[in-house]
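J.: Dropping a structure here in structure tokens format, bear with me for questions.
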Amino acid sequence: MIKQYETVFIATPVLSDTQMKEAVAKYTDLIKANGGEIVYEEDWGLKQLAYPIQHKTSGFYYLIQFKADPQFVNTLETQYHRDERIIRFLTVALDKNSIAYAEHRRQKGASKPAAAVAEQAPAEPEVETETNEEE
């Protein structure tokens, strides 16, 4: 029976962008090679950790939502354990409410960049009028 899962992993902060993309490609390819389907991916970027992990205070966060056979999760987590680039990970099965919430969050996030761009647009400079109070 195919179930939907969400996995988040934290990669070591010393990776270059290319190395991070290689790590992500490794896990997305692993999911696809084992009969899984990628539903959604999101790069959360470099973030501060709440507490040091392996003497590191930051890490690259990456989220993958996928559909796969329940036995595959053990294979995925075994690969996370073996990969020294991954310092933490969490994989959870999504129930129907979680799936609906994730879909809502994706749709909300898709519309957010346009609004964020409008908010971040530089405001028109204020034109100051000179007044001569001395006269």
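The values are calculated or read from the model by the stated rules, or taken from the named source; none is laboratory data. As the structure is a prediction and not an experimental result, all values here were calculated from the model. Ideal geometry is used to build each Cβ from the backbone, glycine not excepted, and the neighbour counts take in all protein chains shown.
J.: Going by what's in this entry, would Tyr61 be described as buried (at least 16 other Cβ atoms within 10 Å of the Cβ), within 17 Å of Glu42 (Cβ to Cβ), at pLDDT 90 or above and not hydrophobic (A, V, I, L, M, F, W, C)?
T.: Answer is yes for this residue.
J.: Next question, about the same structure. Against the condition outside any helix (DSSP H, G or I), touching a residue at least 12 places away in the same chain (Cβ under 8 Å) and of a type outside the set (Val, Ile, Thr), how does Met1 come out, does it pass?
T.: Spelling it out, Met1 is indeed outside any helix (DSSP H, G or I), touching a residue at least 12 places away in the same chain (Cβ under 8 Å) and of a type outside the set (Val, Ile, Thr).
J.: Turning to a different aspect of this structure: From the list Gln54, Gln19, Gln48, which one is surrounded by fewer than 16 Cβ atoms within 10 Å (Cβ to Cβ) and touching a residue at least 60 places away in the same chain (Cβ under 8 Å)?
T.: Going through Gln54, Gln19, Gln48 in turn, just one is surrounded by fewer than 16 Cβ atoms within 10 Å (Cβ to Cβ) and touching a residue at least 60 places away in the same chain (Cβ under 8 Å): Gln19.
J.: I'm trying to understand the selection: among the residues of region 68-90, which are under 18 Å from the mean Cα position of the chain (by Cα) and surrounded by fewer than 17 Cβ atoms within 10 Å (Cβ to Cβ)? Spell out how you get there, then give the answer.
T.: We begin by selecting, within region 68-90, every residue under 18 Å from the mean Cα position of the chain (by Cα); these are 76-77, 80, 85-90.
If the condition is that a residue be under 18 Å from the mean Cα position of the chain (by Cα) and surrounded by fewer than 17 Cβ atoms within 10 Å (Cβ to Cβ), then Glu77, Arg88, Leu90 are the ones that fit.
J.: Right, another one. Any residue at all in region 51-70 that is part of a helix (DSSP H, G or I) and within 26 Å of Leu15 (Cβ to Cβ)?
T.: No, there is no match, as no residue in region 51-70 is part of a helix (DSSP H, G or I) and within 26 Å of Leu15 (Cβ to Cβ).
J.: Is it the case, given these coordinates, that Lys32 is over 13 Å from Glu6 (Cα atoms), outside any strand (DSSP E or B) and touching a strand residue (DSSP E or B) at 6+ places or on another chain (Cβ under 8 Å)?
T.: Yes; evaluated as a whole, the condition is true for this residue.
J.: Can I ask one more? Quick check on my filter: what residues within region 29-45 are crowded, with 16+ Cβ neighbours inside 10 Å and within 14 Å of the chain's Cα centre (by Cα)?
T.: Val39
J.: Which residues, counting only those in region 14-63, are of a type in the set (Lys, Arg) and farther than 14 Å from Ile86 by Cα?
T.: Lys32, Lys47
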